[in-house]
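Here's the structure, in structure tokens; my notes come after.
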Amino acid sequence: MDQQTTSALLYLDGITVSFDGFRALNELSFIIEPGEMRAIIGPNGAGKTTMMDVVTGKTRPDAGDVFFEQGSFDLSKLDETEIAELGIGRKFQKPTVFDMHTVEDNLLLALKNDRRVRRTLFWETSSEQEARIDAILGTIRLRPLRRRVAGSLSHGQKQWLEIGMLLAQDPKLLLVDEPVAGMTDVETMQTAELLKEINRDRTVVVVEHDMAFVRELGVKVTCLHEGSVLAEGTIDQVSENERVVEVYLGR
Ligand code: ADP
Ligand code: MG
């Protein structure tokens, strides 16, 4: 294992995934450093969601390596539950909150699923739980709406609640797929703030098409195309890249 593998939180090397001979990922390689937030952009079908499927164990790569935590874990050998227990949390495109339950009950349910609980005999006291829920409510900006049923939230607020449910699992690495799709401009900018706040304690990989949002994040950007990295750098470097303009931004 080389120097880069050993410092990386997440290390993808030469990942290939084929569906009926079509290469959704084609020798994809990139590295996420501990504490980093990375934005992933790229046209539809570039392989962004498939990349998350590989990291979370939903899809097995046909070839390549996926290492987590300085090379300590080979994710391609673990199943989805084992990977979640290592501290990798994922938010899908569609929110899956329980509409009939209140905001705080949704968080409580998520907390009871905490990946650490399964490893310990004793559960936190209810006041500890309440403190954690309150902290999460603050982060996701839903403290004033804690007693509302989730079904009555706006689309954007539901997305935040789902991010909160992920935080209840206390992940080291958060994978977030298109969080601002369908949000208002104000919600979009608030989501950028929220993720920046979360990134103070956790590593974040966020897939998003909204370039104003990506610019607001102000982090390193990776552009995928046809299952591999087309360009990587600051938002300005990537948006000035001729190939990126050609296959993605210029359309
Ligand atoms: P993105 O998230 O960047 O839009 P995806 O990772 O969803 O792209 O898809 C990459 C390519 O792989 C697409 O052409 C898609 O149709 C194909 N694909 C993804 N999942 C499957 C699957 N389970 N079976 C067949 N093809 C798939
Ligand atoms: Mg996708």
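Read-outs throughout are calculated quantities, based only on the coordinates presented, and are distinct from any laboratory measurement. Note that the coordinates shown come from a computational prediction; the quantities given were computed from them, not determined experimentally. Backbone-built Cβ (ideal geometry, glycine too); neighbour counts: all protein chains shown.
Give me the percent relative contact order of the chain, please, defined on Cα pairs under 8 angstrom at least 6 residues apart.
26 percent
What number, rounded to the nearest 500 deg cm²/dmol, is the helix-based mean residue ellipticity at 222 nm of the chain, given -39500 (n - 2.57) per DSSP H run of at least four residues and division by all its residues?
-9500 deg cm²/dmol
What FRET efficiency would be calculated for the residue pair Val186, Arg143, taking the C-beta separation as r and a Förster radius of 22 Å, to the nearest 0.05?
The pair Val186/Arg143 has a calculated efficiency of 0.80.
Could the peptides 144-152, 179-187 be put in order, highest first, of the mean number of other beta-carbon atoms found within 10 Å of their residues?
By packing density, highest mean first, the sequence is 179-187, 144-152.
In nm, give the distance between the simple-model label positions of Thr96 and Arg60, each being 7 Å from the Cα along the Cα-to-Cβ direction.
Those two pseudo-labels are separated by 2.2 nm.
Calculate the all-directions average of the projected area of the chain's alpha-carbon convex hull, and give it in nm².
14.2 nm²
How high is the relative contact order of the stretch 199-251, given as a whole-number percent (alpha carbon pairs under 8 Å, six or more residues apart)?
Relative contact order, the stretch 199-251: 22 percent.
Within the stretch 196-228, which residues have the backbone N less than 12 Å from the label spot 7 Å out from Thr234 along Cα→beta-carbon, could you tell me?
Counting only backbone N, you get 218-221.
Looking at Leu173, Leu230, Thr188, which one has the Cα that reaches farthest to the positive end of the dipole of the stretch 172-251 (charges on Cβ: Lys, Arg +1; Asp, Glu -1)?
Positive-most Cα among the choices belongs to Leu173.
Could you give me the percent of Cα pairs per 10 Å distance bin for the stretch 130-251, shortest bin first, beginning at zero and ending with the bin that holds the maximum distance?
12, 41, 30, 13, 4, 0
How large is ³J(HN,Hα), in whole Hz, for each residue of the stretch 25-35 in order, when computed from phi with the Karplus curve 6.51 cos²θ - 1.76 cosθ + 1.60 and θ = phi - 60°, using x for Gly and Pro?
10, 10, 6, 6, 9, 6, 10, 10, 7, x, x
Over every pair of different alpha-carbon atoms in the stretch 32-92, take the mean of 1/r and invert it; report that Kirkwood radius in Å.
On the way: mean 1/r = 0.0798 Å⁻¹.
Its Kirkwood hydrodynamic radius stands at 12.5 Å.
What spacing in nm lies between the two simple spin-label points modelled at Ala212 and Glu246, each 7 Å away from Cα in the Cβ direction?
Using points 7 Å along Cα→Cβ, the separation is 3.0 nm.
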